[in-house]
Amino acid sequence: MTTEVTGLSIGGGRSTNDDEIIAVTRRADELGYDTVWTGEAWGRDVFTVLTMIACHTSRLRLGTGIATVFSRTPSMIAQSIASLDVISKGRAVLGLGTSGRLVVEGWHGLKYERPLERTREYIEIIRMALAGQRVNYQGRNFELSRFRLQFSPVQERIPIFVASLGQRNMALTGELADGWLPTWVHVDHLPGMKAQLGEGAANAGRSAGDLTAAPQIMSYVTRNADDKVEARRLLSGHMAYYVGGMGTYYNDLFQRYGYGEEARRVREAWALNERERAASMFSDDILDKLTIWGDVEECRDKLAKYRENGADMPVIGFPHGCPLDASIRTLEALAPRD
């Protein structure tokens, strides 16, 4: 058994084919990674991809990273995660998040209203359903009567993680969730962010230690100088997509980290469709504090810093366009150790 706990995040969109997903997750299974997380946006849905992974692995836990609380009803999410748990023989983990206004209103055609209240109701309803209870629920967003799952998941309690970065959402996570699944976490800000989780946990008679902190960290282990140039290009491009192209949420986050000028310039360049210029706005300091890149020793040192600052299960991800050999190399270099 390894004493380190490490997760893996893998894309399920068109840029990653099935053979690559299977190759990476099988290797992660062999190396002792704890959980593979995969999300969904405009690509394939998360439960189908995780079912495919379940059929090709034996130990790796399978996490939705994330299923949004706007694209499915809470009853449907309960059915889906319970089905995945049965198919995988007890390896399912449910990651939930609100996504953002751009996705919810533009892609799903729904009003982005009361996201925190909606998350609370989802968690409460899903917990009741997974416990085998008859769900009679009266909330502001949902009123359910007589809903009951007609089968039981393998796990007595399927873990629920919440992807949160805002203060109120983190307080809710601390109060109700089993884990915290943020992305683009600044390593030096991690202790303060965990303190916000602790405040929410304390309100529910819990502590931050009752939750698993699982920040997702874009990573690329290099072999030489040319690799380092490519790593910087891919990581910066991936980051620019979030800061410049995903509404205001991540742009605001980078401003809170103290990168206001860079965030503003990235957004301006992105709005002009100048993608490469937008990516070039990020300094090495930003990349060093929010991603893991460099040679093996540099990357393991950066991963260790995340652990020291409170990451219970750092989740290794790969930037858009990362070739399969670099993904496997990164996976092997950052694998959990005894």
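The values are calculated or read from the model by the stated rules, or taken from the named source; none is laboratory data. All values derive from a computational prediction rather than experimental measurement. Virtual Cβ from ideal backbone geometry, glycine too; neighbours counted across all protein chains shown.
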- [ ] Just one of (1) of a type in the set (A, V, I, L, M); (2) closer than 19 Å to P159 by Cα; (3) within 16 Å of the chain's Cα centre (by Cα); (4) crowded, with 22+ Cβ neighbours inside 10 Å trips up I10, so point out which.
- [x] (2)
Open item on the list: Based on this model, can you work out whether R134 counts as basic (K, R), surrounded by 15 or more Cβ atoms within 10 Å (Cβ to Cβ) and either touching a strand residue (DSSP E or B) at 6+ places or on another chain (Cβ under 7 Å) or under 21 Å from A204 (Cα atoms) (or both)?
Closed with: no
Open item on the list: Out of L165, L172, L181, I need the residue that is of a type in the set (A, V, I, L, M), out of contact with any helix residue (DSSP H, G or I) (no Cβ under 8 Å at 6 or more places or on another chain) and within 27 Å of L290 (Cβ to Cβ). Which one?
Closed with: L181
Open item on the list: So N273 passes all but one of these: (1) at positive phi; (2) part of a helix (DSSP H, G or I). Which condition number does it fail?
Closed with: (2)
Task: Residue in segment 225-238 that is free of Cβ contacts under 8 Å to residues at least 24 places away in the same chain, hydrophobic (A, V, I, L, M, F, W, C) and surrounded by 18 or more Cβ atoms within 10 Å (Cβ to Cβ) present - done: no
Open item on the list: on the phi > 0 side of the Ramachandran plot and modelled with pLDDT under 95: which single residue out of G310, G247, G294 fits that description?
Closed with: G247
Open item on the list: Given (1) without any contact (Cβ under 8 Å) to a residue 40 or more places away in the chain; (2) more than 26 Å from A333 (Cα to Cα); (3) outside any loop (DSSP other than H, G, I, E, B), identify the lone condition not met by Y250.
Closed with: (1)
Open item on the list: With of a type outside the set (A, V, I, L, M, F, W, C), more than 17 Å from A78 (Cβ to Cβ) and surrounded by fewer than 19 Cβ atoms within 10 Å (Cβ to Cβ) as the only criterion, which of R120, R127, R148, R140 stands out?
Closed with: R140
Open item on the list: Against the condition assigned to a loop (DSSP other than H, G, I, E, B) and either farther than 26 Å from T119 by Cα or not assigned by TED's automatic domain parsing to the domain that holds L172 (or both), how does R44 come out, does it pass?
Closed with: no
Task: Meets criteria (of a type in the set (A, V, I, L, M) and in a helix (DSSP H, G or I)) for A304 - done: yes
Open item on the list: Could you tell me how many of the residues in segment 281-301 are buried (at least 21 other Cβ atoms within 10 Å of the Cβ), assigned to a helix (DSSP H, G or I) and among the aliphatic types (A, V, I, L, M)?
Closed with: 2
Open item on the list: Tell me yes or no: at least one residue of segment 154-164 is acidic (D, E), surrounded by fewer than 15 Cβ atoms within 10 Å (Cβ to Cβ), without any contact (Cβ under 8 Å) to a residue 40 or more places away in the chain and closer than 22 Å to D252 by Cα.
Closed with: no
TODO: Could you check I77 against (1) closer than 16 Å to V154 by Cβ; (2) in contact (Cβ under 8 Å) with a residue 40 or more places away in the chain and say which number it fails?
DONE: (1)
TODO: Take the residues in segment 1-28 that are out of contact with any His (no Cβ under 8 Å at 6 or more places or on another chain) and charged (D, E, K, R), then tell me which one is modelled with the lowest pLDDT.
DONE: R14
Task: All positions within segment 16-38 that are farther than 23 Å from I81 by Cβ and not in a helix (DSSP H, G or I) - done: N17, G32
Task: Residue under evaluation G109, criteria (1) touching a helix residue (DSSP H, G or I) at 6+ places or on another chain (Cβ under 9 Å); (2) of a type outside the set (F, W, Y); (3) closer than 30 Å to I53 by Cβ; (4) free of Cβ contacts under 8 Å to residues at least 12 places away in the same chain, criterion not met - done: (1)
- [ ] Within segment 177-186, identify whether any single residue is in a strand (DSSP E or B), assigned by TED's automatic domain parsing to the domain that holds L94 and charged (D, E, K, R), and answer yes or no.
- [x] no
